[in-house]
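Below: the structure, in structure tokens.
The values are calculated or read from the model by the stated rules, or taken from the named source; none is laboratory data. In this text the structure is predicted, and so the values were computed from the model without any measurement. Note: ideal-geometry Cβ built from the backbone for every residue, glycine included; neighbour counts use all protein chains shown.
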Amino acid sequence: MKYAKLFNVKQTPQSEPIPNSGQMPNSAGGYVWTIDPWKQLDRFLILGTEGGTYYVDERKLTVDGATNVLACIGRDGPRVVSRIAEISEAGRAPKNDPAIFALALCTASPNEATRKAAFEALPSVCRTGTHLFQFAAVVKELRGWGRGIRSAVGGWYNGKEPNDLAYQAIKYRQREGWSHRDLLRLTHPKPRTEHHRVLFKWIVDNELTGNSSRLAAIEELAATTDARRAIELIREFDLPREAIPTKLLRSTEVWAALFERMPMTALIRNLATLTKRRVLTPYGEATRRTIEALSDGDRIRRARVHPIAIAIARAQYSAGRGLLGKAKWRPVPRITDALDEAFGLAFANVEPTGKRFLLAIDVSGSMSGSPAGASGLMASSAAAAMSLVTLRTEHTVTPMAFADSFRALDLTPKTSLAEAIARTEGLSFGATDCALPMLWATEMAIPVDVFVIYTDNETWFGEIHPAQALARYREKMGIAAKLVVMAMTPTEFTIADPSDPGMLDVVGFDASSPQALSEFALM
Ligand code: CA
């Protein structure tokens, strides 16, 4: 009898589907499950499709993602809108672009309730001038300017408080081929207040027709060559870098004045310039304040700074030179360290669960691509960075790396972000077998409550499916172990069996993923 050798529902090669499981082929020639359209929407919103994946080019990935957004809109448009707003407002994605794009798709829906919800959500998804210009660019390509959309964009201007609107008008003058003048001309909203009227007139006709000391200050600042006067104006009227004439941007004192009121995101973006301009020096007061700001978790989370954005900022800052151009600076080591700490703080707060975790990072060839929103980081390195959060929170954590073989990964709670990234970058790559973490733990009889696998779900190489390997582990060890899949690419694939409540799909770059992980571990 060799039937059982040839057909065994407990062990199926990954190149074939588990019988009657509903598995589908992935892009690598293996069989996996697909996630439901709402989960795929989340992956699209959080990961984006920029740069594509190792297997799928950016265009096809975007078409697939957008097609799925449309399918979700067809099912329940208002639900799509509220999901977009929720993820965007909470700062869960490294980039807001997919949310803006998806919102624009909603505004083109034939369903009136969907369009209405999308128009209403505009100010919460498009919070800055840049977001609004991005939205305008998509709208132009996608649907054109009907009355509803013009009134929504006009409403964006009336909805902002005059001070904020003046700030937006100076800070984000034009992007994506659009300016505030263009949009105000196109939508011509009726000014809600006298302040709005003066501002609109100033933006559209460059003419100051009423009493606005702030606008007058902006005009004076644009024309001045006197650094001392510029500093007075910056301090009195709270003016941003964008309002300063280029010539004065070489002055240390001007940058020091800007630093005093710099919001968190601008601070993180300008660390190199502040160092180059000698506002940030190894022992200076500004450095102390910067470190204090970067150690303030509440402030970081309120500012919606995404952890991956901090990881990228840290890599760029510590390099001491810009990616483009000739900019060079001498990084202050304490600031580099503070960015490392800020990275961990940017995730939602989680309490240790006390569970035993095995963190397995897929370092196969397909994880060497740079996923969207993580420019410069490989997917495997971004995964290593993400895994640090669990390492620093939980007490019993075994970090491992795998491709077609399995090895210990030298990460501890004290490992810095840069070290974690460097250690995964240096690993050799091979074919993918996502069952290895469970097979290894079974063989070594390692007690594990939660397996966490950071992968693109393009597994194909193994003699047994990951879900089957998990079942075998549970049986042999007598532990109801769970499996969490941290998806690092926005495909529809997953190695998690959707019919097994002990398996969960999480979007890898989601700033709230540590929270999802610990809630699931405790369930
Ligand atoms: Ca792979």
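Just to confirm my filter: which helices (runs of 4 or more DSSP H) fall fully inside the range 404-523 and include at least 2 residues that are among the acidic types (Asp, Glu)?
Helices (runs of 4 or more DSSP H) meeting the threshold: 417-425.
Filter the range 466-499 down to the residues that are among the charged types (D, E, K, R) and in contact with a helix residue (DSSP H, G or I) (Cβ under 7 Å, 6 or more places away or on another chain), then identify the one that is farthest from Ala445 (Cα to Cα).
Glu492
Regarding Ser428, is this residue within 16 Å of the ligand (Cβ to nearest atom), over 26 Å from Arg474 (Cα atoms) and surrounded by fewer than 18 Cβ atoms within 10 Å (Cβ to Cβ)?
Details: within 16 Å of the ligand (Cβ to nearest atom): yes; over 26 Å from Arg474 (Cα atoms): yes; surrounded by fewer than 18 Cβ atoms within 10 Å (Cβ to Cβ): yes.
Yes, satisfied.
Could you please let me know if Ala435 is small (Gly, Ala, Ser), at pLDDT 95 or above, over 29 Å from Ile308 (Cα atoms) and more than 23 Å from the chain's Cα centre (by Cα)?
Values: small (Gly, Ala, Ser): yes; at pLDDT 95 or above: yes; over 29 Å from Ile308 (Cα atoms): no; more than 23 Å from the chain's Cα centre (by Cα): yes.
The answer is no for Ala435.
Just name the residue that is nearest to Gly430 (Cα to Cα) out of those in the range 443-471 that are of a type in the set (Asp, Glu) and away from the ligand (no atom under 16 Å from the Cβ).
By that ranking, first place goes to Glu463.
Would a scan of the range 29-49 turn up a residue that is outside the structural domain of Pro307 (by TED's automatic domain parsing), modelled with pLDDT under 95 and within 16 Å of the ligand (Cβ to nearest atom)?
Yes.
Condition check ((1) more than 21 Å from Thr67 (Cβ to Cβ); (2) outside any helix (DSSP H, G or I)) across all residues:
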{"position": "Ala102", "(1), (2)": "no, no"}
{"position": "Ala113", "(1), (2)": "yes, no"}
{"position": "Glu120", "(1), (2)": "yes, no"}
{"position": "Arg127", "(1), (2)": "yes, yes"}
{"position": "Arg150", "(1), (2)": "yes, no"}
{"position": "Gly154", "(1), (2)": "yes, no"}
{"position": "Asn158", "(1), (2)": "yes, no"}
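Since Val363 meets every condition but one in (1) within 30 Å of Met523 (Cα to Cα); (2) more than 16 Å from the ligand (Cβ to nearest atom); (3) of a type in the set (A, V, I, L, M), which condition does it not meet?
In the conditions (1) within 30 Å of Met523 (Cα to Cα); (2) more than 16 Å from the ligand (Cβ to nearest atom); (3) of a type in the set (A, V, I, L, M), Val363 misses (2) alone.
Give the number of residues within the range 175-231 that are among the basic types (Lys, Arg) and within 22 Å of Pro245 (Cβ to Cβ).
5
From the list Ala403, Ala408, exactly one residue is under 30 Å from Gly478 (Cβ atoms) and either outside the structural domain of Ile479 (by TED's automatic domain parsing) or within 15 Å of the ligand (Cβ to nearest atom) (or both). Which is it? Outline the logic, then answer.
Values: Ala408 fails: either outside the structural domain of Ile479 (by TED's automatic domain parsing) or within 15 Å of the ligand (Cβ to nearest atom) (or both).
The unique qualifying residue is Ala403.
Matching residues to (1) farther than 12 Å from Ala338 by Cα; (2) β-branched (Val, Ile, Thr); (3) at pLDDT 95 or above; (4) assigned to a helix (DSSP H, G or I):
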| position | (1), (2), (3), (4) |
| --- | --- |
| Trp255 | yes, no, yes, yes |
| Met262 | yes, no, no, no |
| Thr265 | yes, yes, no, yes |
| Leu274 | yes, no, yes, yes |
| Leu280 | yes, no, yes, no |
| Tyr283 | yes, no, no, no |
| Ala286 | yes, no, yes, yes |
| Ile291 | no, yes, yes, yes |
| Arg301 | yes, no, no, yes |
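Those residues that are of a type in the set (A, V, I, L, M), surrounded by fewer than 24 Cβ atoms within 10 Å (Cβ to Cβ) and touching a helix residue (DSSP H, G or I) at 6+ places or on another chain (Cβ under 6 Å), I need them from the range 386-410; list them, please.
Residues satisfying the conditions are Val389, Val397.
With the condition kept exactly as written, say whether any residue in the range 343-355 is of a type outside the set (D, E, K, R), over 19 Å from the mean Cα position of the chain (by Cα) and in a strand (DSSP E or B).
In the first step, residues of the range 343-355 are kept if they are of a type outside the set (D, E, K, R); the result is 343-350, 352-354.
From what's left, over 19 Å from the mean Cα position of the chain (by Cα): 352-354.
Among the residues that remain, those that are also in a strand (DSSP E or B) are: none.
No, every residue in the range 343-355 fails to be of a type outside the set (D, E, K, R), over 19 Å from the mean Cα position of the chain (by Cα) and in a strand (DSSP E or B).
I'd like the residue in the range 225-241 that is under 13 Å from Asn163 (Cβ atoms) and touching a Leu at 6+ places or on another chain (Cβ under 9 Å) and, out of all such residues, is surrounded by the fewest Cβ atoms within 10 Å (Cβ to Cβ).
Pro240
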